[in-house]
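Some notes on the structure that comes next.
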Amino acid sequence: MSMQDERRRFFKRYKDDVKRSGKPFYPYAMFHDTMMSFVVVAVIIVLAVIWKYTVPGDHTSTAPGWLGSLYTSPADPGTTNFVPRPDWYFYFLFYLLRIFKWPESVILGTVGIPTLCLILLIGLPFYDKRLERNPLRRPVAMVALVLVAISMGVLTYKGAAAKEALASEVVGAVPTWVKQNNLPPEAIPGAKLFAASGCTTCHVYLGVGSSNLGAPDLSAIGSKNLGVDYQIRHLKCPSCVNAGSPMPSFASLGDEELRQLAIFLEASKGPQ
């Protein structure tokens with residue numbers, strides 16, 4: 001019996017079973033799924049309305065309502081004691097990002113690998129047309145399943161157990177910065193602050209970090225001779241110095257730390 005004949009036999013048996021004791025997928029199952037989707041969306045909308053309109057005060061209020069407050073304290077971009085972490089179901093991607101931490105490979109770890117796995121999963125019904133469904137007779141599929149499960153489990157565990165060391169990893173590059181850029185001793189505190197404050201989230205410095213929102217490479221920013229006072233004013237209010245700048249204010253660091261950062265930036269003349 002050919003593969004085509006066997007498929008026809010299975011399909012006929014399915015139709016006979018449906019006619020005798022079941023209901024076809026269309027329209028019954030589709031209708032049930034559609035109605036359940038409407039129920040889920042309706043519940044989300046109701047919860048959102050309750051959350052929005054049970055908060056006392058205006059739309060900027062931080063007072064709690066039935067489901068919590070609309071807003072909390074503004075985020076402080078200058079904090080040095082907080083490292084953001086994703087929700088638990090993104091821990092695997094969080095740890096992938098730690099593995100592919102170089103700017104050139106970030107896209108591979110965050111988009112390339114997950115997208116490839118998703119495409120393989122979506123295409124499964126099209127390239128796996130075997131009628132055999134006994135797990136013991138499908139070694140390739142079962143090995144792939146076990147490897148994926150182990151990989152996801154290990155990456156999720158590693159992401160959950162990872163120390164808050166992203167900033168410290170950058171701080172570890174400071175001695176290299178000092179050597180390559182020939183930084184003077186008075187610039188070293190600013191270099192450590194630059195690394196610990198998360199500046200490399202948007203800027204690249206001697207190959208460390210990533211460029212976001214058009215943020216420039218600061219490895220040789222000092223060669224422009226902008227001056228320490230200019231750097232301080234820019235750090236306090238970036239959009240006041242460069243109109244339209246998306247960079248947040250780092251005024252919360254305080255005058256002393258802002259001066260340290262400014263001295264470091266002015267001392268960064270590029271690799272000597």
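In which sequence would SER223, SER69 go, from the one with the fewest C-beta neighbours within 10 Å to the one with the most?
Sorted ascending by nearby Cβ count, the order is SER223, SER69.
Considering the dipole of the chain built from charges on the beta carbon (Lys and Arg +1, Asp and Glu -1) around the Cα centre, which of VAL174, VAL204, PRO114 is farthest to its positive end?
Looking along the dipole axis, the top candidate is PRO114.
Rounded to the nearest 10 degrees, what's the angle between the helix 113-122 long axis and the longest principal axis of the chain, both from Cα atoms, 0 to 90?
Between the helix axis and the principal axis of the chain, the angle is about 10 degrees.
Kirkwood hydrodynamic radius for the chain: how many Å is it when counted over pairs of different Cα atoms?
Here the Kirkwood hydrodynamic radius works out to 24.3 Å.
Relative to the Cα centre, what is the charge dipole magnitude of region 225-272, using +1 at the beta carbon of each Lys and Arg, -1 at the beta carbon of each Asp and Glu, and rounding to the nearest 20 debye?
Dipole size: approximately 140 debye.
Does anyone have the angle between helix 30-53 and the longest principal axis of the chain? Alpha-carbon axes, 0 to 90°, nearest 10?
30 degrees
Pairs LYS101/LYS192; LYS23/LYS129; LYS101/LYS236; LYS52/LYS158; LYS52/LYS236: which exceed 26 Å Cα-Cα?
Flagged as over cut-off: LYS101/LYS236; LYS52/LYS158; LYS52/LYS236.
Name every cysteine in the chain that ends up alone, with no second cysteine's Cβ under 4.7 Å, or say none.
CYS117, CYS199, CYS202
Charges at C-beta only: +1 for Lys and Arg, -1 for Asp and Glu. How large is the resulting dipole of the chain about its Cα centre, in Debye rounded to 20?
1740 debye
Is region 196-259 rounded, prolate or oblate when judged by the Cα gyration tensor, a ≥ b ≥ c being the square roots of its eigenvalues, rounded requiring a/c under 1.5 and prolate requiring a/b larger than b/c?
Here region 196-259 falls in the rounded category.
How much net charge surrounds PRO189 when only the other residues with a Cβ under 12 Å from the Cβ of PRO189 are counted, with Lys and Arg +1 and Asp and Glu -1?
Net of charged neighbours comes to -1.
Once amide H atoms are placed 1.01 Å from N in the peptide plane, what residues at a sequence separation of 5 or more from GLY209, or on another chain, have their amide H within under 5 Å of its amide H?
none
Springs between alpha-carbon pairs under 10 angstrom, Gaussian network model over the chain: which of GLY153, GLY222, GLY57 fluctuates most?
GLY57
Using just the helices of the chain, give the 222 nm mean residue ellipticity in deg cm²/dmol: DSSP H runs with n ≥ 4 each add -39,500 (n - 2.57), and the total is spread over all residues, rounded to 500.
When only DSSP H runs of four or more count, the value is -15500 deg cm²/dmol.
Rounding to the nearest 10 and keeping the result within 0 to 90°, find how far the Cα-based axis of helix 255-267 lies from the longest principal axis of the chain.
In the chain, helix 255-267 runs at an angle near 90 degrees to the longest axis.
Readers should treat all values here as calculations from the given coordinates under stated rules, not as data from a laboratory. As the structure is a computational prediction, the values presented were derived from the model and not from experiment. Backbone-built Cβ (ideal geometry, glycine too); neighbour counts: all protein chains shown.
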